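Here the structure is laid out as structure tokens; the discussion comes afterwards.
The values are calculated or read from the model by the stated rules, or taken from the named source; none is laboratory data. Just so we're clear, the structure is a prediction, and the values are computed from it rather than from any experiment. Using ideal geometry, Cβ is built from the backbone for each residue, glycine included, and neighbour counts are taken over all protein chains shown.
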Amino acid sequence: MNEGIAETAEKEPANFWYFNNGVTAICDAFAKKPFGGNQTDSGVFDVQKISVINGAQTIGSLAKAKASGVSIDNVFVHIRIISLQGTPEGFASGVTRSNNTQNDLNAADFVAFDPNQERLRREAIQLGITYAFRRGEPDPPISSGFNIRAATIAAACASGDLKLAVSAKRYISGLWDDIKKEPYTKLFNDSTTAAYLWNIVRLMTAVDAKLAEEAESLEGRERLIAVHGNRFILFCVFTQLDLEKLRQSSIDLDPIKAHCQKLALDKLKAIIPAINKKFPDAYPGNVFKNQDRQIELLAAISP
């Protein structure tokens, strides 16, 4: 919660309108309902698929202030709603970017404009789980859901493309740069399902847990390899699975988890001597952020 916003709402509610920048939202379309005729002092509007692009902090802070007992009856906030009806392609991204030039806007914010993300959220609900893809949404417990970051990392490592797995480790935002083209569309497209993402995220969680457990028993350079090599190892594990089976929502994942954890430990045992031989002076964390070195490493451990 923004303390300044809450304090103004509590102590100077009459000035909130003047002190606050307000809220900007976009929507698919809107129309004024006939109530009240042509009068402009008030009205009722039918707004389709509204999404706040600037001012979410204001809304969240006021909601939390009210929940804590602050009266916001005399607080007024101005809101601008921009209809996307009839606008050219890319307009929504452009208006969002322009309205947030002074805010901490990142590539993840634009993912919310992909209709597939909302579809995946609805599919997840049907599975009884939560999928969070908008910034600011709380992360669901790992036992009952997952977020866009986990989905992206797991999908990148399961893509069969080492370059994407490296990006997931080095610079995940690069995978969200443009929702209209690859690499984003290779990970999230019309054929991507919530069941598939949920399955590979749970396998990733199982592999990460096993590698973290193993790292506790290691020391020095070997421990660093176990920690920093998690995405490379996951990539290797996924290449040995029949990923099509993971599109089934009713699949028994427990034996596959156990298999993945064994594969992960086997890969780690092969990677440690290979890295020590090929890159004896390199810091392991840097090796696992370098695509060329990982290509060499992959060749070295392949049968």
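Listing for the model above:
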| item | result |
| --- | --- |
| Filter result for residue 221 (under 18 Å from residue 157 (Cα atoms) and of a type in the set (D, E, K, R)) | no |
| In the range 136-183, the residues that are acidic (Asp, Glu) and farther than 17 Å from residue 120 by Cα | 161, 177, 178, 182 |
| Unmet criterion (only one of (1) among the small types (Gly, Ala, Ser); (2) in contact with a strand residue (DSSP E or B) (Cβ under 7 Å, 6 or more places away or on another chain); (3) crowded, with 23+ Cβ neighbours inside 10 Å) for residue 144 | (3) |
| Residues within the range 61-86 that are in contact (Cβ under 8 Å) with a residue 40 or more places away in the chain and out of contact with any helix residue (DSSP H, G or I) (no Cβ under 9 Å at 6 or more places or on another chain), tallied | 5 |
| Hits in the range 173-197 (condition: touching a residue at least 40 places away in the same chain (Cβ under 8 Å) and within 14 Å of residue 119 (Cβ to Cβ)) | 179, 188, 189, 190, 192, 193, 194, 195, 196, 197 |
| For residue 240: the one exception among (1) in contact (Cβ under 8 Å) with a residue 12 or more places away in the chain; (2) of a type in the set (S, T, N, Q); (3) assigned to a helix (DSSP H, G or I) | (3) |
| Residue 250 being modelled with pLDDT of 95 or more, over 17 Å from residue 285 (Cα atoms) and either touching a Pro at 6+ places or on another chain (Cβ under 7 Å) or of a type in the set (Ser, Thr, Tyr) (or both) | no |
| Filter result for residue 189 (assigned to a loop (DSSP other than H, G, I, E, B), on the phi < 0 side of the Ramachandran plot and among the polar types (S, T, N, Q)) | yes |
| Qualifying residue in the range 197-216 (condition: outside any helix (DSSP H, G or I), assigned by TED's automatic domain parsing to the domain that holds residue 280 and out of contact with any Cys (no Cβ under 9 Å at 6 or more places or on another chain)) | no |
| Condition met for residue 255 (free of Cβ contacts under 8 Å to residues at least 24 places away in the same chain and more than 29 Å from residue 123 (Cβ to Cβ)) | no |
| Flag for residue 224 being in a helix (DSSP H, G or I), touching a Pro at 6+ places or on another chain (Cβ under 6 Å) and of a type outside the set (Phe, Trp, Tyr) | yes |
| Considering residues of the range 7-22 that are surrounded by fewer than 19 Cβ atoms within 10 Å (Cβ to Cβ) and within 32 Å of the chain's Cα centre (by Cα) only, the residue farthest from residue 87 (Cα to Cα) | 7 |
